[in-house]
Amino acid sequence: MKTPRSKKVCYFFAIYKDEDGGYWGRFVDFPATDQGETIDDILYQATVFLQGILDEYDKKGIPVPPPTDIESFQAKLDPEDGTPVCISPVLAYPPSPSVRVQITAKASQIAEIDRFARAKSMTRSEFLIHSALQAAQS
């Protein structure tokens, strides 16, 4: 069975130089800002932040706003924030339905996974997904 692919969405993110060093940024589609020491750092933080917001909206049943196009994005920026150093697209996966997959492993490996999952108060699926995503991001 082929696993369905979820299409990523693109939200624009304005990055500003922080007076105290580092950078801060904002999405105009969501009511929050983020910080980072470098441009790479803040873009990574923005990606994690955006995915977290989309997941949280889904969990709470809040409709996810459609991404603002670049022209409208620039018009929505607050002039009091100053001029952004750059505007960057940030990609994330929108909420999607769960997909059941089958994996093959030795019984002893499954037992060990189950033990780790219980120790973290997670289901096997939650633990495997969390661990796989954490490994992929490092």
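Worth a mention:
- None of Tyr16, Tyr57 is at pLDDT 95 or above and open to solvent by less than 50 Å² (accessible area, probe 1.4 Å) except Tyr16.
- Residue tally, condition within 26 Å of the chain's Cα centre (by Cα) and open to solvent by less than 70 Å² (accessible area, probe 1.4 Å), over the range 105-122: 3
- Top-ranked residue of the range 23-43 - restricted to ones that are of a type in the set (A, V, I, L, M, F, W, C) and surrounded by 14 or more Cβ atoms within 10 Å (Cβ to Cβ), ranked as nearest to the chain's Cα centre (by Cα): Leu43
- One residue from Ser88, Ser125 being of a type in the set (Ser, Thr, Tyr), surrounded by 12 or more Cβ atoms within 10 Å (Cβ to Cβ) and either closer than 25 Å to Gln45 by Cβ or more than 25 Å from the chain's Cα centre (by Cα) (or both): Ser88
- Of the residues screened, Glu71 is one that is more than 20 Å from Lys7 (Cα to Cα), out of contact with any strand residue (DSSP E or B) (no Cβ under 9 Å at 6 or more places or on another chain) and acidic (Asp, Glu).
- Test set (1) surrounded by 16 or more Cβ atoms within 10 Å (Cβ to Cβ); (2) free of Cβ contacts under 8 Å to residues at least 60 places away in the same chain - Gln102 fails condition number: (1)
- Pairs with Cβ under 9 Å, 6+ apart, first in the range 59-87 and closer than 9 Å to Phe12 by Cβ, second of a type in the set (Ser, Thr, Tyr): Pro67/Tyr11; Thr68/Tyr11; Phe73/Tyr11
The values are calculated or read from the model by the stated rules, or taken from the named source; none is laboratory data. Because the structure is predicted, anything quoted here is derived from the model rather than measured. When we count neighbours, we look across all protein chains shown, and the Cβ atoms used for this are built from the backbone with ideal geometry, even at glycine. Side chains included, ligands, DNA and RNA excluded: accessible areas come from the protein's heavy atoms. Shrake-Rupley method; radii C 1.70, N 1.55, O 1.52, S 1.80 Å.
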